[in-house]
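These notes concern the structure reproduced below.
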Amino acid sequence: MTSPVSPPPPPAGGGGKGPSSAVRIALIGALVVGVGVGAFVIGRKSGGGGGSGPAFSSGEPKGPPTAGATVEGMPDVPSEPSKMEVPGAAATAAIWVDVHSPAKVRDALARNAWLKSQWDKPLGQGFVSGWAAFLGSTGNDLKASFKGAVLDVVAGQLLDAPFRTVWFSGDARVGTPALLVPKANKTSLAAWDALDAVAKRGGMLADTCPSGMDGTVPKDGFHLSRWLVAEQTLWAARTEDRLVLARHPVVVLQALCTALPELEAEDGVDVEVGFDPNAYGREVQLFTHVLGLGEDTRLQLRVDGDRLVAKGIAGKLRPDGHANDGKPLSDDLLKLVPEDTPVLFAFQLTLPESLEPAQLNAFWKNEGQPRVRTRQVALVWTPRGSTSLEPELALLWGDEKDAEGLAALFSGGARTLTRATLCKHVVLATSAQEVERLQKACEGRAPNMLNAAGPVVAGLRAPSSVVLGVNMGRLLGGLAMDGYAPRATVVPPEIEAARRDLEALPYLGFRGNVQGYVMLSEGFGT
């Protein structure tokens, strides 16, 4: 959805083309990025990339991949580094996941009952795929100085210090994330040296950062190592202030050259998800501006026993913003939202009495003092796991008086929206099917959010300035089915089993409540 009436433009340097499909759903993947490490840890204890972008050379040997690779001693003798062809376009750090308490998170994932149950199932086996041989290779296999498996060195030592996973967007995107340790400790550095000594098989040398990225280049350039174990390649680099790992050398260089917020944690926060609204186009820029959110807005999670649970939404507010005090979501809104909605984003929005474009523009520019009132607004979103499927999105506007103004604001765009009035809300949806789904929930012919689990209903009814509800089970189950075969009519039993297992995942609720110029973090869920 786009509107012809936009807030003032963002600072120079933002915008540009939107991210790839992988980055658009990176927020979703970010919330479960620890599942991979957990699955590998569990597998070890029990004995047992995607994206699109310019075709940069990865420096890897050409040829078909080999399934079921095994370790047969050390790889070939390393070659001299080749000069890297540095991209002429910058990449933007679109989203990142900060793990502030690696040992605590690693222990929780290793003990998590759901992860343990997945190890020998299709979902767990599919997730590990060809990386099992890489991470399962031992120091004895590689004639290395360390004992145990590569997994133990990476998860238990190299990632012993707080680390960050970053996804990039822009013309020079590759699609795969970078793993970054900004302030490596002695354990992390020793692990990096041990792996580099036995796994390095060639590398690249980059003498500059990509155009538009202002990182500090060492005097002798960036040295990227190509690690090869069990026919799987990983690229790595080390500078004075960070260690970086990624599947693609361009991503390593981008992670070395990008400026990111400090990796600092508040008390009780073990994992955070941050994002840059400038990487997502005008729609996200508009939302963050209207809501008065600063650029450090983030989702927070904490470890609770053997689980990661939502702690809330935190961040600073813009001094010129119009953030609102918290209010409970109305029962009319909760009745309108289908219970199986993957993503619900709701907020309190203060706007002029009239939605006439001139008044809105003056209001966003802080010109004059028009009469204002607060509306309760929600977005209902079903992300799709394939670009061949149309998105399912609906705007639920909690004030019927604004129907005419909304119709004018959202007319003339590239997409024709379906309009309706349901449960005392003005509805603008991407399809008639989505309106029908909402209508069934409103009329009680299908479960709505008032029928959700008790903790979810209580969390949504608590006062909030901004609330994000993520039904992890429905979300990831749907994405998995879309990604397997977008329009398949017959699904193999193992794919159906994976969907059912994913749908057992919990509901994560993130609330933010405005207090002064900060957003206080509160969480809920099942």
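Computed from the coordinates by the stated procedures, all read-outs in this text should not be read as laboratory data. Predicted model, so just to flag it, every value in this text is computed and none were measured. As a convention, Cβ positions derive from the backbone with ideal geometry for all residues, glycine included, and neighbour counts pool all protein chains shown.
Mean 1/r over all different Cα pairs, inverted: what Kirkwood radius does the stretch 114-242 give, in Å? Radius from the Kirkwood sum: 16.5 Å. Relative to the current alpha-carbon distance between A197 and N451, full extension at 0.36 nm per residue lengthens the span by 85.7 nm. Run the numbers for E367 and E240: contour at 0.36 nm per residue of separation, minus the present Cα-Cα distance, in nm. Additional length available on full extension: 40.9 nm. Within the same chain, lysines fewer than 8 places from K121 are excluded, and of the rest, those with a Cα less than 24 Å from its Cα are K45. You can think of it this way: the chain between D296 and W114 has 62.3 nm of extra reach, that is 0.36 nm per residue less the Cα-Cα gap.
Based on the Cβ-Cβ distance of E264 and L205, what FRET efficiency does E = 1/(1 + (r/R0)^6) give at R0 = 35 Å, to the nearest 0.05? Plugging the Cβ-Cβ distance into 1/(1 + (r/R0)^6) gives 0.60.
Exposure proxy for Y517, Y507, Y484: other Cβ atoms within 10 Å of each Cβ, ordered fewest to most, give Y517, Y484, Y507.
Mean projected area of the convex hull spanned by the Cα atoms of the stretch 320-525, taken over all viewing directions: 12.7 nm². Listed by Cβ neighbour count within 10 Å, with the fewest neighbours leading, R375, R384, R415 appear as R415, R375, R384. Cβ crowding within 10 Å ranks K424, K311, K219 as K219, K424, K311, fewest other Cβ atoms first. When the GluC sites (Glu not before Pro) in the stretch 185-277 are filtered for DSSP coil states and for at most 15 other beta-carbon atoms within 10 Å of their beta-carbon, the remaining sites are E240, E262, E264, E266. Counting only lysines at least 8 places from K401 when in the same chain, those with an alpha carbon closer than 26 Å to its own are K327, K335, K365, K424, K440.
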